[in-house]
Amino acid sequence: MPINIAAAIEQAGVAGAGGAMFPTHVKAKSRAEIAIANGAECEPLLASDRVVMENLAHEVVKGLDLMQKSTGARKGIVAVKAKNKSALETIRNVASRYGDKEVFPLDDVYPAGDEHVLTYEVTGRVVPPGGIPIQVGVVVNNVTTLLQVSRALDGKVFTSRFVTVCGDVPIPKTLSFPLGTPVREALRVCGLTKTDDIDVIIGGPIMGYVPRTLDEPLTKGTAGIVVLRKDHILVAKKKVSSSIEVLRGNSACDQCFDCTELCPRYLLGHDIYPHKIMRTVSLLIDTAVDEITSALLCSECGICGLYACPQLLRPEVVNKKIKQELLKKGLRHDSRGISEEQKSLRDGRRIPMARMKARLGLESYSPPDMFDLRVLEVERVSIPLSQHTGVPSVPIVSVGQRVNEGQLIARIPDGKLGANIHASISGVVESVNGAITIRG
């Protein structure tokens, strides 16, 4: 009896490990012509995907092969930055054993890993504004996601992932943590116990966020923990509330157009103009003018606010706030399609990573070379019921119950978009709220 690849992925609880955490079994049920393994790792300082590609390349390529089989894709392409020579060569050696696999070297620019940008770079196909790659026959999965796909077909469920701990930390390294491990514990094992004078960014330094507490748990989409001094400019920017950013944008934007000229989605020909959104942000949100609804096309990559704006405004934060309101009201954007004139400007406006790091004040930091492939042992985890796109999973365990590592503890609600959740350690369930806490 043929193996149902999508069903195995669903059972294992695989969700996108690149940050979006979209349930992978849904992608596996689609039909595609090309399957892309996203190894761009375009955020500075992170190395978790590189560690996976250099040390677990066979499983990555096997995962890509499984996605091809599931979607019917005739070609599989692994996209890796050319600067990561070891990862590139390791992946290339494994891919050469298959007749339908290619390796695509990427330039070291930001945001090379955005799936719209990546799809265009690798295939020349432009994803429609507000659309997804499958609309042009392409399915994209992060390399760490594909590692989990490979393991799902071996009967292993998604209970741990590689996370880079970097920045102002005594021993920066990439480690494999059980899902639900507190950030504080991740810092401790990297030699940082005094946390009074530091802040952390969960994810990458550009698109990541400052958590409310260091007890926040690591999830399926957590690729990094970036440690910075409290007085670092990047931390200060990320601590400003979205409401304040809206007010600042309304009062201080000088309509210089820089944010639009460097917007990656604008440069793919999409009809998004961040400077116009900033100009009209004071309008009532239910006035469905093109300028306001085009915020729905924003990828929140951060180029406009963290690189382009001379006034240090944050259009991407304003866009995120607007998107939330638009989605509540059920408003959509009627796109005018692709502008070839805008797209013709793209090659000369790509942002080198070195310049992006300098603008962020990160020149003195580098991705760590130290790593450990073994899963770290922890005493207590708090596993969120919502660590994927869709609705929260439904708990099927109760307080006081003993569970084993890998045991299903929360399932996808019937007929809903979501991902199964499994115990990442063995122990006793301490609480079941928005998360399931287990003590070993």
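The values are calculated or read from the model by the stated rules, or taken from the named source; none is laboratory data. The structure presented is a predicted model; accordingly, all values stated were derived computationally and were not measured. Heads up, the Cβs are rebuilt from the backbone with ideal geometry, glycines too, and the neighbour counts pull from every protein chain shown. Areas reflect the complete protein model, heavy atoms only, side chains present, ligands, DNA and RNA absent. Shrake-Rupley method; radii C 1.70, N 1.55, O 1.52, S 1.80 Å.
Computed quantities for the displayed model
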quantity	calculated
Criterion violated by residue 98 - all others in (1) within 30 Å of residue 159 (Cα to Cα); (2) at pLDDT 95 or above satisfied	(2)
Residue under evaluation residue 333, criteria (1) modelled with pLDDT under 95; (2) in a strand (DSSP E or B), criterion not met	(2)
Qualifying positions in the stretch 85-109 - open to solvent by less than 30 Å² (accessible area, probe 1.4 Å) and either on the phi > 0 side of the Ramachandran plot or in contact with an Asp or Glu (Cβ under 8 Å, 6 or more places away or on another chain) (or both)	87, 95, 101, 106
Number of positions in the stretch 340-389 that are open to solvent by less than 30 Å² (accessible area, probe 1.4 Å), closer than 30 Å to residue 437 by Cβ and either part of a loop (DSSP other than H, G, I, E, B) or modelled with pLDDT under 95 (or both)	5
Tally, over the stretch 168-209, of residues that are assigned to a strand (DSSP E or B) and among the small types (Gly, Ala, Ser)	1
Lone unmet requirement of (1) of a type in the set (A, V, I, L, M, F, W, C); (2) modelled with pLDDT of 90 or more; (3) outside any loop (DSSP other than H, G, I, E, B); (4) surrounded by fewer than 19 Cβ atoms within 10 Å (Cβ to Cβ) for residue 312	(3)
Residue that is surrounded by the fewest Cβ atoms within 10 Å (Cβ to Cβ) [pool: residues in the stretch 250-265 that are under 27 Å from the mean Cα position of the chain (by Cα) and not in a helix (DSSP H, G or I)]	262
Any hit, the stretch 132-152, residues being surrounded by 21 or more Cβ atoms within 10 Å (Cβ to Cβ), assigned to a loop (DSSP other than H, G, I, E, B) and not acidic (Asp, Glu)	no
Single residue of the stretch 212-222 satisfying the filter (part of a loop (DSSP other than H, G, I, E, B) and open to solvent by 20 Å² or more (accessible area, probe 1.4 Å)) that is farthest from residue 304 (Cα to Cα)	215
Answer from 384, 352 - the residue that is within 30 Å of residue 257 (Cα to Cα), touching a strand residue (DSSP E or B) at 6+ places or on another chain (Cβ under 8 Å) and of a type outside the set (Val, Ile, Thr)	352
One residue from 296, 247, 268, 306 being under 18 Å from residue 205 (Cα atoms), of a type in the set (A, V, I, L, M, F, W, C) and either under 21 Å from the mean Cα position of the chain (by Cα) or open to solvent by 10 Å² or more (accessible area, probe 1.4 Å) (or both)	306
Selection within the stretch 184-205 - in contact with a helix residue (DSSP H, G or I) (Cβ under 8 Å, 6 or more places away or on another chain) and over 19 Å from residue 162 (Cα atoms)	193, 195, 199
Residues within the stretch 75-122 that are in a strand (DSSP E or B) and not basic (Lys, Arg), tallied	12
Breaking point among (1) without any contact (Cβ under 8 Å) to a residue 24 or more places away in the chain; (2) among the aliphatic types (A, V, I, L, M); (3) in contact with a Pro (Cβ under 7 Å, 6 or more places away or on another chain), for residue 132	(3)
One residue from 237, 194, 173, 230 being basic (Lys, Arg), without any contact (Cβ under 8 Å) to a residue 24 or more places away in the chain and open to solvent by 20 Å² or more (accessible area, probe 1.4 Å)	194
In the stretch 14-24, the residues that are open to solvent by less than 50 Å² (accessible area, probe 1.4 Å) and closer than 16 Å to residue 63 by Cα	14, 15, 16, 17, 23, 24
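Condition check ((1) in contact with a strand residue (DSSP E or B) (Cβ under 7 Å, 6 or more places away or on another chain); (2) buried (at least 24 other Cβ atoms within 10 Å of the Cβ); (3) part of a helix (DSSP H, G or I)) across all residues:
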| site | (1), (2), (3) |
| --- | --- |
| 3 | no, no, no |
| 11 | no, no, yes |
| 26 | no, no, yes |
| 30 | yes, no, no |
| 38 | yes, yes, no |
| 52 | yes, yes, yes |
| 60 | yes, yes, yes |
| 64 | yes, yes, yes |
| 70 | no, yes, yes |
